[in-house]
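Beneath this line is the structure, given in C-alpha cells, with notes to follow.
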Amino acid sequence: MRLGMIGLGRMGSNMVRRLMQAGHECVVFDRSDEAVQAMVEAGAIGAASLDELAAKLPQPRAVWLMVPAAGVDAALGDLAPRLAPGDTLIDGGNSYYVDDVRRAKELEARGLHYIDVGTSGGVFGLERGYCQMIGGEPGPVKRLEPIFAALAPPMASSPRTPGREGKGGTAERGYLHCGGAGAGHFVKMVHNGIEYGLMAAYAEGLSILRHANAGKKAGVIDAETTPLRDPELYSYDFDLADIAEVWRRGSVISSWLLDLTARELLEQPDLAGFAGRVSDSGEGRWTVKAAIDESVPTPVLSAALHQRFSSRGEADFADKLLSAMRHAFGGHLERKE
Ligand SMILES: O=C(O)[C@H](O)[C@@H](O)[C@H](O)[C@H](O)COP(=O)(O)O
C-alpha cells in the first residue's frame with residue numbers, strides 16, 4: 001500500500017522504515033526539511049508540503065499522523081481541506097480518546113474517516129514491532145490491515161496462549177480493532193495507566209533493596225526521628241543489577257519492562273544521569289479520571305500517578321506544612337539532613 005506519514009520524529013520515522021521493510025510505500029512530510037530528506041534517503045517519497053503529500057497519494061488516501069497529542073487538531077485542520085470524501089486519517093500518537101470521539105464526528109461531516117491507534121513499543125518498535133490498539137469504523141480499519149500487520153510484531157515473538165487455537169482474530173498478530181471512535185486510545189490510555197503502576201512497583205521494590213544497608217550507617221538510630229530499631233537487620237549490600245538480572249530468569253515478575261530496568265541498572269548503578277523528575281504526558285491522569293467516572297477503585301494506578309507529581313516537587317509545600325504542624329503541636333524541629 002501507499003501511506004502518507006506526517007511527523008517524522010523517533011516514532012514516525014521508525015514506523016516508515018518498518019513499513020518500507022515490509023514493501024509498503026510511504027509519502028512523508030514533516031515541518032523539518034532535514035527529517036524529510038533523511039527519510040527520502042532511506043527510500044521514502046518526500047513531500048515538501050501537505051498539498052504535495054495529498055497529490056502523491058492514490059485515492060482513497062490514507063494519512064497517518066505521528067505528531068504530539070497537542071498538535072493533532074492543528075494537523076487535522078491543515079490536512080482535512082486537502083483530502084477528499086472516502087479518505088482516512090489515522091492518529092497513531094497518544095491522544096485523549098475524548099478528543100477522538102469529537103474528531104471522528106467533525107471529520108465524518110466532511111466525508112472523511114478517522115481511526116485512532118494507540119501504539120506501544122517506543123523506540124524499540126522498528127526492530128520488535130508495534131502493538132496497536134485500534135478504534136474507528138470497521139470498513140476503513142479493514143482496508144488498512146496490511147499497514148497494521150506490517151507494523152505489528154511477528155506472531156512468533158510471543159508463544160501462543162494455550163487454548164487460543166482456532167479462535168481467530170488479529171489480537172495474537174499484535175493489532176486489535178477494539179471498537180468505535182476512541183476505543184483504540186481508550187485501551188492505550190489504560191495500558192499506560194498500568195505502565196505507571198508497573199514502573200512504580202519495580203522502582204519502589206528496588207529502592208527498598210537499595211536501602212537494605214540502612215543499619216550500617218552511622219547515627220541511624222535516633223529515637224526521636226527514626227523507626228530503625230534493629231540496625232543489624234538492615235546490613236545487606238545488594239547488587240541491584242544482579243537482582244534485576246536474576247528476576248528476569250523464570251521469576252513471576254519477569255517482563256520486558258524489567259529487561260529494560262536491568263539494562264539501566266547495569267549501565268548506571270547509581271542512576272547518576274537522572275535527577276528523578278518524572279514527567280507524565282497525560283495518559284495516567286486520563287486513566288484515573290476514567291476510573292473515577294466509572295466508580296472503579298484504582299489505588300495502585302492513582303498512587304503511581306501522584307508519585308510522579310511528587311517527583312517534580314509538587315509535594316514540597318505539603319511536606320513543609322507537615323513539618324510545620326509537627327513543630328506546632330510537639331515543638332519538634334526538622335532535621336537538617
Ligand atoms: O507504550 C509505549 O510505547 C509508551 O507508553 C509510549 O507511548 C510513551 O513512552 C509513553 O506514552 C510515555 O508516557 P508518559 O510521558 O506519560 O510517561
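Yes or no: region 297-312 includes at least one residue that is more than 22 Å from the chain's Cα centre (by Cα) and among the hydrophobic types (A, V, I, L, M, F, W, C). The answer is no, given that none of the residues of region 297-312 is more than 22 Å from the chain's Cα centre (by Cα) and among the hydrophobic types (A, V, I, L, M, F, W, C). Quick one: is residue 308 in contact (Cβ under 8 Å) with a residue 24 or more places away in the chain, assigned to a helix (DSSP H, G or I) and charged (D, E, K, R)? It is true that residue 308 is in contact (Cβ under 8 Å) with a residue 24 or more places away in the chain, assigned to a helix (DSSP H, G or I) and charged (D, E, K, R).
Among the residues of region 123-168, those identified as away from the ligand (no atom under 16 Å from the Cβ), β-branched (Val, Ile, Thr) and closer than 21 Å to residue 64 by Cβ are 141, 147.
Any residue in region 288-304 that is touching a Leu at 6+ places or on another chain (Cβ under 6 Å), surrounded by 13 or more Cβ atoms within 10 Å (Cβ to Cβ) and at pLDDT 95 or above? Yes, region 288-304 contains a residue that is touching a Leu at 6+ places or on another chain (Cβ under 6 Å), surrounded by 13 or more Cβ atoms within 10 Å (Cβ to Cβ) and at pLDDT 95 or above. Figure legend. Inter-residue proximity from region 40-53: first residues farther than 16 Å from residue 82 by Cβ, second residues surrounded by 12 or more Cβ atoms within 10 Å (Cβ to Cβ) and small (Gly, Ala, Ser), beta-carbon distance below 7 Å, spacing 6+ or different chains. Indicated pairs: 40/46. Which helices (runs of 4 or more DSSP H) sit wholly inside region 1-57 and have at least 2 residues that are within 26 Å of the chain's Cα centre (by Cα)? Fully inside region 1-57 and qualifying: 10-21, 33-41. Among the residues of region 108-140, those that are hydrophobic (A, V, I, L, M, F, W, C) and either touching a Cys at 6+ places or on another chain (Cβ under 8 Å) or surrounded by 23 or more Cβ atoms within 10 Å (Cβ to Cβ) (or both) comprise 112, 115, 117, 133, 134.
Going by the conditions given, is residue 249 at pLDDT 95 or above, of a type in the set (Lys, Arg) and away from the ligand (no atom under 16 Å from the Cβ)? Yes; evaluated as a whole, the condition is true for this residue. Among residues of region 169-179 being part of a loop (DSSP other than H, G, I, E, B) and surrounded by 12 or more Cβ atoms within 10 Å (Cβ to Cβ), the one that is nearest to the ligand (Cβ to nearest atom) is 174. Is it true that some residue in region 169-189 is out of contact with any strand residue (DSSP E or B) (no Cβ under 8 Å at 6 or more places or on another chain), closer than 30 Å to residue 285 by Cβ and not polar (S, T, N, Q)? Yes, some residue in region 169-189 is out of contact with any strand residue (DSSP E or B) (no Cβ under 8 Å at 6 or more places or on another chain), closer than 30 Å to residue 285 by Cβ and not polar (S, T, N, Q).
Looking at 300, 296, just one residue is part of a helix (DSSP H, G or I) and away from the ligand (no atom under 12 Å from the Cβ), and that residue is 300.
One line per residue, one yes/no per condition, for (1) over 30 Å from residue 99 (Cβ atoms); (2) away from the ligand (no atom under 15 Å from the Cβ); (3) not in a helix (DSSP H, G or I); (4) not hydrophobic (A, V, I, L, M, F, W, C):
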residue: 181; (1), (2), (3), (4): no, yes, yes, no
residue: 186; (1), (2), (3), (4): no, no, no, no
residue: 191; (1), (2), (3), (4): no, no, no, yes
residue: 195; (1), (2), (3), (4): no, no, no, yes
residue: 208; (1), (2), (3), (4): yes, yes, no, no
residue: 232; (1), (2), (3), (4): yes, yes, no, yes
residue: 261; (1), (2), (3), (4): yes, no, no, yes
residue: 279; (1), (2), (3), (4): no, no, yes, yes
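Residue-wise test of (1) out of contact with any Leu (no Cβ under 7 Å at 6 or more places or on another chain); (2) under 18 Å from residue 93 (Cα atoms); (3) modelled with pLDDT under 95.
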| position | (1), (2), (3) |
| --- | --- |
| 17 | no, yes, no |
| 21 | yes, no, no |
| 38 | yes, no, no |
| 44 | yes, no, no |
| 51 | yes, no, no |
| 54 | no, no, no |
| 59 | yes, no, no |
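Confirm whether residue 214 is out of contact with any strand residue (DSSP E or B) (no Cβ under 9 Å at 6 or more places or on another chain) and more than 16 Å from the ligand (Cβ to nearest atom). Spelling it out, residue 214 is indeed out of contact with any strand residue (DSSP E or B) (no Cβ under 9 Å at 6 or more places or on another chain) and more than 16 Å from the ligand (Cβ to nearest atom).
For residue 116, the conditions (1) of a type in the set (Asp, Glu); (2) more than 16 Å from the ligand (Cβ to nearest atom); (3) not in a helix (DSSP H, G or I) all hold with the exception of (2). Scanning region 88-113 for residues that are touching a Gly at 6+ places or on another chain (Cβ under 8 Å), closer than 28 Å to residue 125 by Cα, away from the ligand (no atom under 16 Å from the Cβ) and not in a strand (DSSP E or B) returns 98, 101, 104. Could you list, in sequence order, the residues of region 236-259 that are β-branched (Val, Ile, Thr) and either in a helix (DSSP H, G or I) or touching a strand residue (DSSP E or B) at 6+ places or on another chain (Cβ under 9 Å) (or both)? Within region 236-259, 243, 246 meet the criteria. In the condition set (1) surrounded by 13 or more Cβ atoms within 10 Å (Cβ to Cβ); (2) over 29 Å from residue 95 (Cα atoms), residue 272 is compliant with all but (1).
The values are calculated or read from the model by the stated rules, or taken from the named source; none is laboratory data. Computed from a predicted structure; not experimentally measured. For neighbour counting, all protein chains shown are included, and Cβ atoms are generated from backbone atoms with ideal geometry for every residue, glycine included.
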